[in-house]
Structure formats: C-alpha cells, structure tokens
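Enquirer: Sending over a structure as structure tokens; questions will come in a sec.
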Amino acid sequence: MRVALIGYGYWGKFSARAIARVAELSWVVEKDADARHLAALDWQGWGTRVADDITQCAAQVDAVWIATPTATHRDVVSEALGLGLHVLCEKPFVKTREEAEALVGQARESDLALMVGHLTLYMRERNRRMRDALLAESPGHSLRAVRKNTEASLSDGSVLFGIGPHEVAPLVRLAGEPDEVECVGTLHRVTATLKWPTLVAEVELDWLSEKRERVLCIDGHIQEFEETSEPLVNEMEAFVRLPEVESLRGEAYLDALQTTATLEELERRREQQV
C-alpha cells in the first residue's frame, strides 16, 4: 500500500514511522513550510516526497493517514475520500454523530476504508484482558479506568475528545453504545459513567495532572500487563487489511460512529451540569 501522511506535527512523526514499518510512505503532505522542510530532511533519503496539498499526489497513492488538528478532520477526510483514497484518521475523529455518519456514508458509497486511529484498540494485551474478563459469564461486571496526562491539547477542545477515545473506544468495541451515560467535570477533568445491562464502567480523565497515570481495574482487580508489540504499528497493520476485507471495514465504520456518538453524548451531559 502506498500511503501519504497528511500532517507532520508532533504525532505525525510517530505516524510516519509506523507507516514506513508496514507499508510505503510515499508522500508527506504538510501546509507549514518549516514542517515540510523537516519531513524532507527526515524522509527524502528513502524516496519519500513532500507536498503542500493532497491533490498533488493523490494519483500516486492508495491511502492517507490524517494527522492534522481535529477541527480539520471533517474536510480533510471528505476530500481524501472524494479523491478515491482509503483513510486512516487520527482520533478524535469528528465531534458529532451527524458528521461521523456523513463521512462513513461517503466511504461506504465509494467502497473505501475509513478507520479512526483509536490506539488502545491495538494494545493487544490490554484488550485481551478486557475481552476475557468482560465476556466471561457473570450477572454483571464493573470497570474503572483512569487516564491522566500532564499537558492538554489545544486542538482537541476538551479532555473527553482529547484522551477520552482511548478509554471509550475499547468499551464500545466490546459492548456497543452504552444504554445510559453520565458525566461531570470541566473541560480538563471529568468522571464519566457508562452503563450497559451487564456492565458499569467509570472513566476518570484528567490531562492537567501533576503526573501521568494509567489504571485499569476490572471487577475490583487491578490489571497488570505489559505490551509486547507496538500499538501504532499494530494499528497500521490493521489498516492495510481493510481494503480487502469487507467485514473489517464494517467494524471500522462502526467504531467511528459509535465512539463519536458516545463522546458527543458524554460532552453534552458534562455541559448540562456546568
């Protein structure tokens, strides 16, 4: 697969490496001249070319990995799909179910892959633990997840969309959209509760914490594990399979829709209590 990376900021540099590990990093598309120069220094020696607009290279690639600010995602994804390209878009995808439905509909109509980079879906050991525990026969399960960072991302708008997808996407993949949600807090720190008939999950998010923290507790037991593979590379490996496997494309569409819808509803509940 020939891939163009759109956006060579902080996360784009990690994305470029993951693409190159699995496929062909053919182009880097970046509007900022300084970032474009840096991409050329980093990658032109291996044959990667640089451009300032996707239309300059669309005919020479099969897919794009979008690592631009969240506010640009709707337009950039739509443009790439319109050019006939498969799309991996970094999280958070878009901010509303309506926008997500429109983009997924565009991808379906064109028979193109559209996947959101929900990185924790590709943390294999973490998700094996969750799947084994939550799918075990039981009258009910409880989960508590804590995710704390030390720096906010201005481009993501709020902590729910900024780091919330890391905890929400795996839950939605396993259980579907929750039947009921609650959310209290601020733009920077929230506690969200998600409820299904046999599962109650509490998610604590804080991206202005004094220290980084990750906790996953299932049915009262803290989960200790070590990832033995690279999630970002796993993510790229999953993406390259989508064009050929219809069932996997469908799963990716559903992830994009249901995670976006759940985050939108959590944000609405948070805003109601301010």
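Enquirer: Please return the ranges of strands (runs of 3 or more DSSP E) entirely within the stretch 1-108 where 3 or more residues are farther than 23 Å from GLY250 by Cβ.
Expert: Working: elements: 2-6, 24-29, 49-51, 63-66, 86-90.
Ranges flagged: 2-6, 24-29, 49-51.
Enquirer: On to the next question. Might you check whether a residue that is under 18 Å from the mean Cα position of the chain (by Cα), among the small types (Gly, Ala, Ser) and not assigned by TED's automatic domain parsing to the domain that holds ILE19 occurs anywhere in the stretch 173-195? Outline the logic, then answer.
Expert: So in the stretch 173-195, the residues under 18 Å from the mean Cα position of the chain (by Cα) come out as 173-177.
Filter again for among the small types (Gly, Ala, Ser), leaving 175-176.
Filter once more, so that each one left must be not assigned by TED's automatic domain parsing to the domain that holds ILE19: 175-176.
Yes; the residues of the stretch 173-195 include at least one that is under 18 Å from the mean Cα position of the chain (by Cα), among the small types (Gly, Ala, Ser) and not assigned by TED's automatic domain parsing to the domain that holds ILE19.
Enquirer: Separate question: Being part of a helix (DSSP H, G or I) and either buried (at least 24 other Cβ atoms within 10 Å of the Cβ) or of a type in the set (Ser, Thr, Tyr) (or both) is the filter here, so list the residues in the stretch 109-122 that pass it. Talk me through it step by step, then tell me what you get.
Expert: So in the stretch 109-122, the residues part of a helix (DSSP H, G or I) come out as 109-110, 119-122.
Those that are part of a helix (DSSP H, G or I) and either buried (at least 24 other Cβ atoms within 10 Å of the Cβ) or of a type in the set (Ser, Thr, Tyr) (or both): SER110, THR120, LEU121, TYR122.
Enquirer: A further question follows. Which condition number does PRO170 fail, the rest of (1) touching a helix residue (DSSP H, G or I) at 6+ places or on another chain (Cβ under 6 Å); (2) over 17 Å from ALA133 (Cβ atoms); (3) free of Cβ contacts under 8 Å to residues at least 60 places away in the same chain being met?
Expert: So PRO170 meets the others, but not (2).
Enquirer: Which one is farthest from ARG2 (Cα to Cα) among residues in the stretch 54-64 that are out of contact with any Lys or Arg (no Cβ under 8 Å at 6 or more places or on another chain) and surrounded by fewer than 14 Cβ atoms within 10 Å (Cβ to Cβ)?
Expert: Kept after step one, since they are out of contact with any Lys or Arg (no Cβ under 8 Å at 6 or more places or on another chain), are these residues of the stretch 54-64: 54-56, 58-59, 64.
In the following step, the residues that additionally are surrounded by fewer than 14 Cβ atoms within 10 Å (Cβ to Cβ) were identified as 55, 59.
Numbers: THR55: 15, ALA59: 11 Å.
The residue in question is THR55.
Enquirer: When you go through ALA145, ALA102 one by one, which is the residue that is closer than 24 Å to THR260 by Cβ, crowded, with 16+ Cβ neighbours inside 10 Å and over 16 Å from the mean Cα position of the chain (by Cα)?
Expert: Numbers: ALA102 fails: crowded, with 16+ Cβ neighbours inside 10 Å.
Step by step, each of ALA145, ALA102 is checked, and only ALA145 is closer than 24 Å to THR260 by Cβ, crowded, with 16+ Cβ neighbours inside 10 Å and over 16 Å from the mean Cα position of the chain (by Cα).
Enquirer: How about the stretch 123-132: which of its residues are of a type in the set (A, V, I, L, M) and assigned to a helix (DSSP H, G or I)?
Expert: Applying the first criterion (of a type in the set (A, V, I, L, M)) to the stretch 123-132 yields 123, 130.
Scanning the stretch 123-132 gives a single hit, MET130.
Enquirer: Quick one: ARG241 ticks every box in (1) free of Cβ contacts under 8 Å to residues at least 24 places away in the same chain; (2) over 25 Å from ARG17 (Cα atoms) bar one, so which box is it?
Expert: (2)
Enquirer: With the checklist (1) under 24 Å from TRP11 (Cα atoms); (2) free of Cβ contacts under 8 Å to residues at least 60 places away in the same chain; (3) in contact with a helix residue (DSSP H, G or I) (Cβ under 6 Å, 6 or more places away or on another chain) in hand, flag the one item ALA201 doesn't pass.
Expert: (1)
Enquirer: Okay, moving on. Taking the stretch 201-224 as the search range and keeping residues that are of a type in the set (Val, Ile, Thr) and either buried (at least 16 other Cβ atoms within 10 Å of the Cβ) or outside the structural domain of ARG144 (by TED's automatic domain parsing) (or both), which one is farthest from GLY164 (Cα to Cα)? It would help to see each step written out before you state the result.
Expert: In the first step, residues of the stretch 201-224 are kept if they are of a type in the set (Val, Ile, Thr); the result is 203, 215, 218, 222.
Checking which are either buried (at least 16 other Cβ atoms within 10 Å of the Cβ) or outside the structural domain of ARG144 (by TED's automatic domain parsing) (or both) leaves us with 203, 218.
Numbers: VAL203: 8, ILE218: 18 Å.
My answer is ILE218.
Enquirer: In this structure, is GLU24 under 22 Å from PRO69 (Cα atoms), touching a strand residue (DSSP E or B) at 6+ places or on another chain (Cβ under 9 Å) and outside the structural domain of SER155 (by TED's automatic domain parsing)? Write out each step before concluding.
Expert: Working: under 22 Å from PRO69 (Cα atoms): no; touching a strand residue (DSSP E or B) at 6+ places or on another chain (Cβ under 9 Å): yes; outside the structural domain of SER155 (by TED's automatic domain parsing): yes.
Spelling it out, it is not the case that GLU24 is under 22 Å from PRO69 (Cα atoms), touching a strand residue (DSSP E or B) at 6+ places or on another chain (Cβ under 9 Å) and outside the structural domain of SER155 (by TED's automatic domain parsing).
The values are calculated or read from the model by the stated rules, or taken from the named source; none is laboratory data. What you see is a predicted model, and the numbers here were worked out from it, not measured in a lab. Here Cβ is always computed from backbone atoms with ideal geometry, including for glycine, and neighbour counts include all displayed protein chains.
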